[in-house]
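Visitor: Below you will find the structure I want to go over with you.
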Amino acid sequence: SSKTFWTTTGMFPQELIIGFPKCVKISKVGIQCYLVRTLRIEKSTSKDPVGFEQCIEKDLQHREGQLQMEEFPLPEFQATYLRFIIKSAFDHFVSVHRVMAEGT
């Protein structure tokens, strides 16, 4: 829902994990967030959310008063879980409004 979001508790790093019902192929990942400075995305193909491997780490641009909308086209990979790690921020609290994964 565009009316809901996840917010941090004020310390970093913070992370959220998204699980899929089965292992899927992913070619692009996107995030809509606010005040995130450094973001790392990791993947796991395990049955449980363990054994993560880094896909990308990026410093995002600060957009005063606007949501950050970032897309990460990646070489196609398989994942059962995606972990989004917010390593640092432009403020004490940040929010994540939407995460997207495209693939099959």
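Visitor: If you take the residues of segment 29-51 that are of a type outside the set (Asp, Glu) and more than 13 Å from the chain's Cα centre (by Cα), which of them is nearest to Thr9 (Cα to Cα)?
Guide: Taking segment 29-51 and keeping what is of a type outside the set (Asp, Glu), we get 29-41, 43-47, 49-51.
Now narrow it down to the ones that are more than 13 Å from the chain's Cα centre (by Cα): 35, 44-47, 49-51.
Details: Leu35: 13, Ser44: 25, Thr45: 28, Ser46: 28, Lys47: 28, Pro49: 22, Val50: 23, Gly51: 25 Å.
Out of the qualifying residues, it is Leu35.
Visitor: Name the residues in segment 28-46 that are open to solvent by 10 Å² or more (accessible area, probe 1.4 Å) and either within 16 Å of Ser95 (Cα to Cα) or in a strand (DSSP E or B) (or both), would you? Can you show your working first?
Guide: Step one: of segment 28-46, the residues open to solvent by 10 Å² or more (accessible area, probe 1.4 Å) are 28, 32, 34-35, 37-38, 40, 42-43, 45-46.
Within segment 28-46, Lys28, Gln32, Tyr34, Leu35, Arg37, Thr38, Arg40, Glu42, Lys43 qualify.
Per-residue answers, yes or no, for (1) at pLDDT 95 or above; (2) more than 10 Å from the chain's Cα centre (by Cα); (3) among the aromatic types (Phe, Trp, Tyr):
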position	(1), (2), (3)
Lys3	no, yes, no
Ile17	yes, no, no
Ser27	no, yes, no
Glu76	no, yes, no
Tyr81	yes, yes, yes
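Visitor: Quick check on my filter: what residues within segment 59-80 are out of contact with any Cys (no Cβ under 6 Å at 6 or more places or on another chain), open to solvent by less than 40 Å² (accessible area, probe 1.4 Å) and either under 21 Å from Asp48 (Cα atoms) or of a type in the set (D, E, K, R) (or both)?
Guide: Glu70, Phe77, Ala79
Visitor: How many of the residues making up segment 8-27 are open to solvent by 60 Å² or more (accessible area, probe 1.4 Å), in a strand (DSSP E or B) and within 20 Å of Gln61 (Cβ to Cβ)?
Guide: Residues flagged as open to solvent by 60 Å² or more (accessible area, probe 1.4 Å), in a strand (DSSP E or B) and within 20 Å of Gln61 (Cβ to Cβ) within segment 8-27 amount to 0.
Visitor: Taking Ser88, is it farther than 19 Å from Gly10 by Cα, open to solvent by less than 80 Å² (accessible area, probe 1.4 Å) and modelled with pLDDT of 95 or more? Break it down into steps so the answer makes sense when it comes.
Guide: Details: farther than 19 Å from Gly10 by Cα: no; open to solvent by less than 80 Å² (accessible area, probe 1.4 Å): yes; modelled with pLDDT of 95 or more: yes.
Taking the combined requirement at face value, the residue does not satisfy it.
The values are calculated or read from the model by the stated rules, or taken from the named source; none is laboratory data. For clarity, every value in this text was computed on a predicted model and none was experimentally measured. Virtual Cβ from ideal backbone geometry, glycine too; neighbours counted across all protein chains shown. Areas reflect the complete protein model, heavy atoms only, side chains present, ligands, DNA and RNA absent. Shrake-Rupley method; radii C 1.70, N 1.55, O 1.52, S 1.80 Å.
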